[in-house]
Amino acid sequence: MAQINLLLIPGPTPLPQEVLRAMDRQMTNHRGPTFGRLVGEMLDGLRQVFQTKHDVIPLVCSGTGGLEAAVTNFLSAGDRVLSVNNGSFCERFAAIAERYGARVDRVTADWGHPVPIEAIAEHLRSDARREYRAVLVTQSETSTGVHNDVRAVREALGDHPALLMVDAVSSLGAIPLETDAWGVDVVITGSQKALMSPPGMAFLSVSDRAWAAAERSTTPRFYFDLARGRAAIHDRFPSTPFTTAMTVAYAVHAAVGLILREGLPQVFARHRRMARMVRAGVRGMGLAPLVDDAHAVHSVTPVVMPEGVDGKAVVARARDAYDVLIGAGIGRLEHTVVRIGHLGYTKPEWLLAGLETLGRSLADLGHPVQTEAGTAAAREALEAAAQR
Ligand SMILES: Cc1ncc(COP(=O)(O)O)c(C=O)c1O
């Protein structure tokens, strides 16, 4: 029998009933008029969520495939690239670029801290010959919970011709990302996070400058050739170049409708409320979020474990004793943090239950915390946010 867990990891996220129902649908011809209409509507909606008038290209893959598509379509072996690098997913984007032969410079910060904009600007200023072809930024660094300030990076670029490519896998639809207004060339996201859909599709928005770079790029590509993707969405019956993940498209179509009906500003405000509530709860319990409030992203909260506690044991206890799924740390934070996801479809009562479970699990492992004070602080923060 299927177990009902409370899913509080930073993606995949729970799915709204409307999205679940949308998937309960028969297959049809993926190149026919019925499905083409649905894809057209889905892409119109996604353009609003991406805040772009440019094409949004759907791909059948997870978010990492989207990152790989950005590298193979817009870069060539030998290109110099600047990676804004303060966590596991920033490093993944950089590693993909290196794997395809790019020469990557990393401008780093300790995990849990933002990369100083001045350090990024300094790297760009020192590139007197303007060799950087792209700057890679992960807006919501899901491993640490840091919000990397895309608009500030764009301003630091000034008139430097490098493309700005943003991994928005855990941020698009959770926090503002004004693709066109800020001048972002490539934005990549996945279906399974704030888009409230199952894993299986990635989406990229592409500026005119990025399309021009794609024409110059000499990197071999086939499945992820975005020019083919563009041709397929401009077909009479829009689709993907190869057989598509129809059920995921049904879901994304429904989820984007929900997001637009709620309104983007309201969706962002809801994520802000959830994040404030969780951070207040964590502090009220006597624990500490990894990231200070000024730089914390509103989609995930990594919580520092008390000295001597293995975060993985806490995650296992929460799952095995309480059926609550919270995220383990990643990479060098594997044992020292646990991550509470609050992006996409979340509810305050689920997060309150998650906080309570975190406290109970720590107590079970011999490290009692102020669980009730934590949930009370979370409730208070939620009420305060509602009155604002
Ligand atoms: C910021 C970020 N980038 C990339 C990825 C990779 O996406 P996927 O696991 O869908 O390949 C993730 C997944 O958690 C992510 O959070």
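Each reported figure results from applying straightforward, stated rules to the coordinates on display, with no laboratory input. Note that the structure is predicted; figures quoted are calculated from it, not measured. Positions of Cβ are generated from backbone atoms using ideal geometry, with glycine treated the same way; all protein chains shown enter the neighbour counts.
Put +1 on the Cβ of every Lys and Arg and -1 on every Asp and Glu Cβ in the range 263-387; which of Phe268, Ala288, Ala328 then has its Cα farthest towards the positive end of the dipole?
Most positive-ward Cα: Phe268.
Can you tell me the 0 to 90 degree angle between the C-alpha axis of helix 348-364 and the longest principal axis of the chain, rounded to 10?
60 degrees
If the only charges are +1 at each Lys and Arg Cβ and -1 at each Asp and Glu Cβ, what is the size of the charge dipole of the chain around the Cα centre, to the nearest 20 debye? Mind dumping the intermediate values first?
On the way: 40 positive and 41 negative charges, 147 e Å.
Roughly 700 debye, rounded to the nearest 20.
Where nothing but the Cβ of Lys and Arg (+1) and of Asp and Glu (-1) is charged, how large is the charge dipole of the range 263-387 around its Cα centre, in debye to the nearest 20?
The dipole of the range 263-387 has a size of about 360 debye.
Using the alpha-carbon atoms, what tilt in degrees (0 to 90, nearest 10) does helix 33-50 show relative to the longest principal axis of the chain?
Once rounded, the angle reads 70 degrees.
Using only the alpha-carbon atoms, how far is helix 88-99 inclined from the longest principal axis of the chain? Give it as 0 to 90 degrees, nearest 10.
Result, in degrees: 30.
Mind checking which of Gly45, Ala152, Ser239 is farthest towards the positive end of the range 17-261's charge dipole, using Cβ charges of +1 (Lys, Arg) and -1 (Asp, Glu) about the Cα centre?
Of the listed residues, the answer is Ser239.
Quote the relative contact order of the range 263-387 in percent (integer), defining contacts as alpha-carbon pairs under 8 Å separated by 6+ residues.
Values: 202 pairs, mean separation 42.9, N = 125.
Rounded, it is 34 percent for the range 263-387.
Fully extended, how many nm does the chain gain between Gln387 and Glu122 (0.36 nm per residue separation, minus their Cα-Cα distance)? The partial results should precede the final answer.
Working: separation 265, 0.36 × 265 = 95.40 nm, distance 4.24 nm.
Gain in length upon complete extension: 91.2 nm.
Quick check on the exposure proxy: order Leu8, Leu351, Leu264 from fewest to most C-beta atoms within 10 angstrom. Before the final figure, lay out each step's value.
Values: Leu8 27, Leu351 24, Leu264 14.
Going from least to most buried by this count: Leu264, Leu351, Leu8.
Given a Förster distance of 51 Å, report the FRET efficiency between Asp110 and Asp235 from their Cβ-Cβ distance, rounded to the nearest 0.05. Could you put the intermediate results ahead of the total?
On the way: r = 48 Å, r/R0 = 0.93.
It comes to 0.60.
Can you give me the C-alpha center-to-center distance between the range 309-370 and the range 258-304, rounded to a whole angstrom?
16 Å
Starting from the Cα gyration tensor of the chain, multiply each eigenvalue by 5, take the square root, and state the resulting semi-axes largest first in whole Å.
Ellipsoid semi-axes (Å, largest first): 34, 27, 18.
Would you kindly state how much longer the chain becomes between His335 and Thr218 on full extension, computed as 0.36 nm times their sequence separation minus their alpha carbon distance, in nm to one decimal?
Full-extension gain reported as 38.0 nm.
Calculated from DSSP H runs of 4 or more alone, at -39500 (n - 2.57) each and per residue, what is the 222 nm mean residue ellipticity of the chain, nearest 500?
Value at 222 nm, helices only: -14000 deg cm²/dmol.
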